[in-house]
(Lines give C-alpha, C1' and ligand atoms only; values in the text may rest on other atoms or scores of the structure.)
Protein backbone atom coordinates (compact mmCIF):
# COMPACT_ATOMS: atom_id res chain seq x y z
CA UNK A 1 0.00 0.00 0.00
CA UNK A 2 2.91 2.33 0.78
CA UNK A 3 4.42 1.92 -2.69
CA UNK A 4 1.03 2.50 -4.35
CA UNK A 5 0.53 5.67 -2.32
CA UNK A 6 3.95 7.01 -3.28
CA UNK A 7 3.46 6.24 -6.98
CA UNK A 8 -0.01 7.81 -7.12
CA UNK A 9 1.18 10.80 -5.13
CA UNK A 10 3.96 11.73 -7.52
CA UNK A 11 2.02 10.84 -10.70
CA UNK A 12 -0.78 13.05 -9.39
CA UNK A 13 1.75 15.78 -8.60
CA UNK A 14 3.36 15.65 -12.06
CA UNK A 15 0.00 15.73 -13.85
CA UNK A 16 -1.10 18.77 -11.87
CA UNK A 17 2.26 20.42 -12.42
CA UNK A 18 1.66 20.09 -16.17
CA UNK A 19 -1.84 21.55 -15.71
CA UNK A 20 -0.37 24.43 -13.67
CA UNK A 21 2.28 25.25 -16.30
CA UNK A 22 -0.30 24.96 -19.10
CA UNK A 23 -2.54 27.42 -17.24
CA UNK A 24 0.33 29.89 -16.78
CA UNK A 25 1.23 29.58 -20.47
CA UNK A 26 -2.38 30.20 -21.54
CA UNK A 27 -2.56 33.28 -19.31
CA UNK A 28 0.56 34.68 -20.99
CA UNK A 29 -0.95 34.00 -24.44
CA UNK A 30 -4.22 35.60 -23.39
CA UNK A 31 -2.51 38.69 -21.99
CA UNK A 32 -0.43 39.01 -25.17
CA UNK A 33 -3.57 38.70 -27.31
CA UNK A 34 -5.36 41.18 -25.04
CA UNK A 35 -2.58 43.76 -25.31
CA UNK A 36 -2.17 43.39 -29.07
CA UNK A 37 -5.86 43.20 -29.95
CA UNK A 38 -7.24 45.84 -32.27
CA UNK A 39 -10.45 46.37 -30.37
CA UNK A 40 -9.54 47.06 -26.72
CA UNK A 41 -12.23 49.32 -25.30
CA UNK A 42 -14.47 49.78 -22.31
CA UNK A 43 -17.49 48.67 -24.29
CA UNK A 44 -18.95 45.44 -22.85
CA UNK A 45 -20.06 44.12 -26.24
CA UNK A 46 -16.61 44.29 -27.80
CA UNK A 47 -14.97 43.00 -24.61
CA UNK A 48 -17.30 39.99 -24.83
CA UNK A 49 -15.96 39.29 -28.31
CA UNK A 50 -12.31 39.45 -27.24
CA UNK A 51 -10.95 35.87 -27.37
CA UNK A 52 -8.01 36.89 -25.16
CA UNK A 53 -10.39 37.24 -22.20
CA UNK A 54 -11.57 33.64 -22.56
CA UNK A 55 -8.01 32.34 -22.88
CA UNK A 56 -7.02 34.20 -19.69
CA UNK A 57 -10.07 32.88 -17.81
CA UNK A 58 -9.44 29.28 -18.90
CA UNK A 59 -5.74 29.60 -18.08
CA UNK A 60 -6.54 30.97 -14.61
CA UNK A 61 -8.90 28.04 -13.99
CA UNK A 62 -6.19 25.54 -14.96
CA UNK A 63 -3.65 27.41 -12.82
CA UNK A 64 -5.85 27.22 -9.72
CA UNK A 65 -6.60 23.52 -10.27
CA UNK A 66 -2.91 22.79 -10.84
CA UNK A 67 -1.84 24.65 -7.70
CA UNK A 68 -4.40 22.91 -5.50
CA UNK A 69 -3.53 19.46 -6.85
CA UNK A 70 0.26 19.88 -6.95
CA UNK A 71 0.71 21.51 -3.54
CA UNK A 72 -1.95 19.33 -1.91
CA UNK A 73 -0.34 16.10 -3.12
CA UNK A 74 3.37 16.85 -2.64
CA UNK A 75 2.85 18.50 0.77
CA UNK A 76 0.14 15.99 1.72
CA UNK A 77 -2.34 18.70 2.72
CA UNK A 78 -5.75 17.06 3.03
CA UNK A 79 -7.65 20.38 3.02
CA UNK A 80 -6.22 21.40 -0.37
CA UNK A 81 -6.92 17.95 -1.82
CA UNK A 82 -10.45 18.18 -0.43
CA UNK A 83 -10.99 21.58 -2.11
CA UNK A 84 -9.49 20.15 -5.31
CA UNK A 85 -11.87 17.17 -5.22
CA UNK A 86 -14.87 19.36 -4.44
CA UNK A 87 -13.97 21.68 -7.32
CA UNK A 88 -13.82 18.75 -9.77
CA UNK A 89 -17.22 17.52 -8.53
CA UNK A 90 -18.62 21.03 -9.05
CA UNK A 91 -17.04 21.11 -12.52
CA UNK A 92 -18.74 17.81 -13.42
CA UNK A 93 -22.09 19.18 -12.25
CA UNK A 94 -21.63 22.31 -14.38
CA UNK A 95 -20.62 20.20 -17.40
CA UNK A 96 -23.70 18.00 -17.00
CA UNK A 97 -25.89 21.11 -16.68
CA UNK A 98 -24.31 22.53 -19.85
CA UNK A 99 -24.89 19.28 -21.76
CA UNK A 100 -28.53 19.18 -20.64
CA UNK A 101 -28.93 22.82 -21.63
CA UNK A 102 -27.50 22.13 -25.09
CA UNK A 103 -29.74 19.11 -25.70
CA UNK A 104 -32.95 20.33 -24.03
CA UNK A 105 -32.64 24.04 -24.85
CA UNK A 106 -31.46 23.66 -28.43
CA UNK A 107 -33.43 26.66 -29.71
CA UNK A 108 -32.06 28.91 -26.96
CA UNK A 109 -28.51 27.74 -27.73
CA UNK A 110 -29.07 28.52 -31.43
CA UNK A 111 -30.39 31.96 -30.48
CA UNK A 112 -27.32 32.71 -28.33
CA UNK A 113 -24.97 31.43 -31.03
CA UNK A 114 -26.75 33.54 -33.65
CA UNK A 115 -26.45 36.66 -31.47
CA UNK A 116 -22.70 36.03 -31.14
CA UNK A 117 -22.29 35.59 -34.90
CA UNK A 118 -24.33 38.73 -35.61
CA UNK A 119 -22.03 40.67 -33.25
CA UNK A 120 -19.06 39.37 -35.20
CA UNK A 121 -20.71 40.33 -38.49
CA UNK A 122 -21.47 43.86 -37.26
CA UNK A 123 -17.81 44.37 -36.36
CA UNK A 124 -16.38 42.76 -39.50
CA UNK A 125 -13.73 45.03 -41.09
CA UNK A 126 -14.01 47.35 -38.07
CA UNK A 127 -11.61 45.16 -36.11
CA UNK A 128 -9.04 43.08 -37.95
CA UNK A 129 -9.04 40.36 -35.26
CA UNK A 130 -12.77 39.74 -35.68
CA UNK A 131 -12.41 39.78 -39.46
CA UNK A 132 -9.96 36.88 -39.21
CA UNK A 133 -12.32 34.99 -36.85
CA UNK A 134 -15.33 35.41 -39.14
CA UNK A 135 -13.38 34.39 -42.25
CA UNK A 136 -12.05 31.33 -40.42
CA UNK A 137 -15.55 30.27 -39.33
CA UNK A 138 -17.09 30.75 -42.76
CA UNK A 139 -14.33 28.99 -44.70
CA UNK A 140 -14.02 26.10 -42.20
CA UNK A 141 -17.76 25.40 -41.99
CA UNK A 142 -18.45 26.32 -45.65
CA UNK A 143 -21.19 28.72 -44.59
CA UNK A 144 -22.16 32.37 -44.75
CA UNK A 145 -23.79 34.62 -42.17
CA UNK A 146 -25.81 33.46 -39.18
CA UNK A 147 -29.31 32.02 -38.95
CA UNK A 148 -30.56 33.70 -42.14
CA UNK A 149 -27.44 33.02 -44.20
CA UNK A 150 -26.23 35.68 -46.62
CA UNK A 151 -29.03 38.10 -45.64
CA UNK A 152 -27.42 38.55 -42.21
CA UNK A 153 -24.67 40.60 -43.88
CA UNK A 154 -27.19 43.41 -44.19
CA UNK A 155 -26.20 44.13 -40.55
CA UNK A 156 -22.69 45.18 -41.59
CA UNK A 157 -22.06 48.82 -42.60
CA UNK A 158 -19.79 47.78 -45.48
CA UNK A 159 -22.12 45.16 -46.97
CA UNK A 160 -25.65 46.49 -46.41
CA UNK A 161 -27.46 47.65 -49.52
CA UNK A 162 -27.59 51.30 -48.39
CA UNK A 163 -23.80 51.51 -48.12
CA UNK A 164 -21.79 53.67 -50.51
CA UNK A 165 -18.99 51.09 -50.52
CA UNK A 166 -18.29 48.94 -53.57
CA UNK A 167 -19.10 45.89 -51.42
CA UNK A 168 -22.72 46.99 -50.84
CA UNK A 169 -25.39 44.30 -51.12
CA UNK A 170 -22.61 41.72 -50.99
CA UNK A 171 -20.85 39.28 -48.69
CA UNK A 172 -17.18 38.73 -47.80
CA UNK A 173 -14.90 36.62 -49.96
CA UNK A 174 -14.96 33.90 -47.30
CA UNK A 175 -18.63 33.30 -48.21
CA UNK A 176 -17.71 32.38 -51.78
CA UNK A 177 -17.26 28.84 -53.04
CA UNK A 178 -13.68 27.68 -52.71
CA UNK A 179 -13.14 27.36 -56.47
CA UNK A 180 -13.94 31.04 -57.13
CA UNK A 181 -12.58 32.52 -53.88
CA UNK A 182 -9.43 33.59 -55.69
CA UNK A 183 -11.51 36.52 -56.98
CA UNK A 184 -11.55 38.93 -54.01
CA UNK A 185 -14.79 40.52 -55.29
CA UNK A 186 -16.66 37.24 -55.83
CA UNK A 187 -19.17 38.13 -53.10
CA UNK A 188 -19.92 41.68 -54.21
CA UNK A 189 -23.55 42.48 -55.09
CA UNK A 190 -24.66 38.84 -54.75
CA UNK A 191 -27.61 39.82 -52.53
CA UNK A 192 -28.88 42.12 -55.26
CA UNK A 193 -29.37 39.39 -57.85
CA UNK A 194 -31.56 36.31 -58.28
CA UNK A 195 -31.35 33.42 -55.83
CA UNK A 196 -30.07 31.01 -58.48
CA UNK A 197 -27.10 33.25 -59.24
CA UNK A 198 -26.43 33.75 -55.55
CA UNK A 199 -26.31 30.02 -54.91
CA UNK A 200 -23.94 29.63 -57.83
CA UNK A 201 -21.39 32.08 -56.39
CA UNK A 202 -21.57 31.74 -52.60
CA UNK A 203 -22.35 29.29 -49.83
CA UNK A 204 -25.97 30.02 -48.96
CA UNK A 205 -26.20 27.83 -45.86
CA UNK A 206 -26.03 29.89 -42.66
CA UNK A 207 -23.33 29.14 -40.10
CA UNK A 208 -25.90 28.26 -37.42
CA UNK A 209 -27.27 25.53 -39.68
CA UNK A 210 -23.73 24.43 -40.57
CA UNK A 211 -22.80 24.12 -36.87
CA UNK A 212 -25.99 22.15 -36.17
CA UNK A 213 -25.32 19.82 -39.12
CA UNK A 214 -21.73 19.27 -37.98
CA UNK A 215 -22.88 18.56 -34.42
CA UNK A 216 -25.45 16.00 -35.60
CA UNK A 217 -22.91 14.38 -37.93
CA UNK A 218 -20.21 14.09 -35.25
CA UNK A 219 -22.58 13.35 -32.36
CA UNK A 220 -21.01 9.96 -31.62
CA UNK A 221 -17.53 11.51 -31.43
CA UNK A 222 -18.86 14.27 -29.18
CA UNK A 223 -20.45 11.71 -26.82
CA UNK A 224 -17.26 9.61 -26.81
CA UNK A 225 -15.07 12.63 -25.95
CA UNK A 226 -17.49 13.76 -23.27
CA UNK A 227 -17.62 10.27 -21.75
CA UNK A 228 -13.80 10.08 -21.76
CA UNK A 229 -13.66 13.47 -19.99
CA UNK A 230 -16.12 12.35 -17.32
CA UNK A 231 -14.22 9.09 -16.77
CA UNK A 232 -10.93 11.01 -16.46
CA UNK A 233 -12.46 13.40 -13.94
CA UNK A 234 -13.89 10.51 -11.90
CA UNK A 235 -10.48 8.78 -11.88
CA UNK A 236 -8.87 12.02 -10.67
CA UNK A 237 -11.47 12.28 -7.91
CA UNK A 238 -10.83 8.68 -6.82
CA UNK A 239 -7.05 9.22 -6.73
CA UNK A 240 -7.48 12.41 -4.74
CA UNK A 241 -9.82 10.68 -2.27
CA UNK A 242 -7.35 7.79 -1.95
CA UNK A 243 -4.55 10.23 -1.13
CA UNK A 244 -6.75 11.98 1.44
CA UNK A 245 -7.86 8.68 3.00
CA UNK A 246 -4.33 7.26 3.18
CA UNK A 247 -2.95 10.53 4.56
CA UNK A 248 -5.62 10.67 7.29
CA UNK A 249 -5.09 6.98 8.05
CA UNK A 250 -1.36 7.52 8.57
CA UNK A 251 -2.10 10.58 10.69
CA UNK A 252 -4.52 8.62 12.88
CA UNK A 253 -2.02 5.78 13.25
CA UNK A 254 0.64 8.25 14.39
CA UNK A 255 -1.79 9.75 16.90
CA UNK A 256 -2.68 6.28 18.21
CA UNK A 257 1.00 5.31 18.39
CA UNK A 258 1.81 8.56 20.23
CA UNK A 259 -1.09 8.01 22.62
CA UNK A 260 0.00 4.44 23.34
CA UNK A 261 3.56 5.64 23.92
CA UNK A 262 2.37 8.27 26.37
CA UNK A 263 0.18 5.74 28.15
CA UNK A 264 3.12 3.34 28.35
CA UNK A 265 5.34 6.04 29.83
CA UNK A 266 2.69 7.02 32.33
CA UNK A 267 2.28 3.40 33.33
CA UNK A 268 6.02 3.00 33.91
CA UNK A 269 6.07 6.21 35.95
CA UNK A 270 3.21 4.94 38.11
CA UNK A 271 4.90 1.56 38.56
CA UNK A 272 8.10 3.36 39.56
CA UNK A 273 6.20 5.49 42.06
CA UNK A 274 4.60 2.40 43.57
CA UNK A 275 8.01 0.76 43.82
CA UNK A 276 9.46 3.72 45.71
CA UNK A 277 6.57 3.70 48.10
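Quick notes
- Every listed requirement among (1) at pLDDT 85 or above; (2) within 16 Å of residue 235 (Cα to Cα) is met by residue 4 save one, (1).
- Qualifying positions in the stretch 216-225 - exposed (fewer than 14 other Cβ atoms within 10 Å of the Cβ) and in a helix (DSSP H, G or I): 216, 217, 219, 220, 221, 223, 224, 225
- Cross-chain or 6+ apart pairs with Cβ under 9 Å, the stretch 222-246 first and farther than 22 Å from residue 100 by Cα, then not in a helix (DSSP H, G or I): 243/76; 246/1
- Checked against (1) within 26 Å of residue 52 (Cα to Cα); (2) surrounded by fewer than 21 Cβ atoms within 10 Å (Cβ to Cβ), residue 146 passes all but a single condition, namely (2).
The values are calculated or read from the model by the stated rules, or taken from the named source; none is laboratory data. Here the structure is a predicted model, which means the values were calculated and not measured. Glycine also receives a Cβ, built like all others from the backbone with ideal geometry; neighbour counts cover every protein chain displayed.
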